Amino acid sequence: MKLDKRTGNSAPARTVWRIPAVAAACVFASAAAAFAGGGYATDPVRLASIDLGRGRALHIVSVDIGSGRVEIDSAGADARYGAVDSFGGLVRRSGASAAINGCFFDLNTGRLVGHIWHNGEQRVRGSFSAALAIRRDNTAVIAPMKELGDPRDYRVIIACVDILIRNGEILVKSKKDLVRNGHNPSRHNDIYRPARWSAVGLDHSGQVYLIASTGVMTLYEFTRQVRQRTAVTDLLGLDGGTSSGLFVNGAFVSVPGRLVPSVIVARPAGAGQVASRR
């Protein structure tokens, strides 16, 4: 189905690198080095798409938070993440340069079920144990909540279900592997069911990646492809399936098939958190 790029009913974004899968890892490694060293890449938010064949692709938005020009934040349909809205509506109000859907939520109430902290204040008391955390110096970490220490040391903490990759190691071969590595998979998180997936990742330089798939694959296959084809060394799984959506530089790569309560956004530094007051 062809979608309108401007409204949220969209086809892939305009700025897309089509990279054969066999060459992708080298491209991402060199791109990460260029970002870290202030090289040829001048746009702090960039999109690359990797064709995996059989109608499947990875779409990776790299966010150079080390540039000082862009920051990662969370935005919701309301200030306490207790309501839902269209992905396009959340993106427009947030002022995002790029955005991806957030964590799981209660389909009956619309309430987000992953922890959210903003500037030391807990906006959502959730139930998940792994998180993306952005420090006050605009550096990022993906780690179990128990390893983060004082939430006041972070500008934003966004928790979700599982760490899929940590220090370069894939942790999602099976649910038993996740439990053995200290994670408690959601009972709704069937890693063997083909679906669309969303995740947020980091590389060795601390660059942030917003990653979504189009076409369906298992969660393990999604994770394996991310590890093999990109520079990502740490990856946090987000909601997927009909909740998966990705936006970058004015166009929508994919949109959720339902209303969602939150997005993870990259936007100009200092823009601040924007939420509906409904």
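Just so you know, all these numbers are worked out from the coordinates, no wet-lab data involved. Please read all numbers here as calculations on a predicted model, not as lab measurements. Cβ: placed from backbone, ideal geometry, glycine included. Neighbour counts: every protein chain shown.
How many angstrom lie between the C-alpha centres of the range 222-246 and the range 152-172?
Comparing the Cα centres of the range 222-246 and the range 152-172, I get a distance of 12 Å.
Based on the alpha-carbon gyration tensor of the range 112-166 and its eigenvalue square roots a ≥ b ≥ c, which shape applies: rounded if a/c is under 1.5, prolate if not and a/b is larger than b/c, or oblate? Intermediate values should be presented prior to the final figure.
On the way: a/c = 1.90, a/b = 1.12, b/c = 1.70.
It comes out oblate by the Cα gyration axes.
Plugging the Kirkwood radius over Cα pairs into Stokes-Einstein for the range 62-181, at a temperature of 37 °C and a viscosity of 0.692 mPa s, what D comes out in µm²/s?
It diffuses with D of about 214 µm²/s by this estimate.
Please sort by residue number the trypsin sites (Lys or Arg not before Pro) in the range 72-111 whose DSSP state is loop and whose Cβ has at most 15 other Cβ atoms within 10 Å.
Numbers: sites: Arg80, Arg92, Arg93, Arg111; in loops: Arg80, Arg111.
Qualifying residues, ordered by number: Arg80.
Between rounded, prolate and oblate, where does the range 199-278 land on the alpha carbon gyration tensor, with a ≥ b ≥ c its root eigenvalues, rounded for a/c under 1.5, else prolate if a/b exceeds b/c?
Oblate, since a/c reaches 1.5 and b/c is not below a/b.
Return Thr230, Thr218, Thr109 ranked ascending by Cβ neighbour count within 10 Å, so the fewest neighbours appear first.
With the sparsest Cβ surroundings first, the list reads Thr109, Thr218, Thr230.
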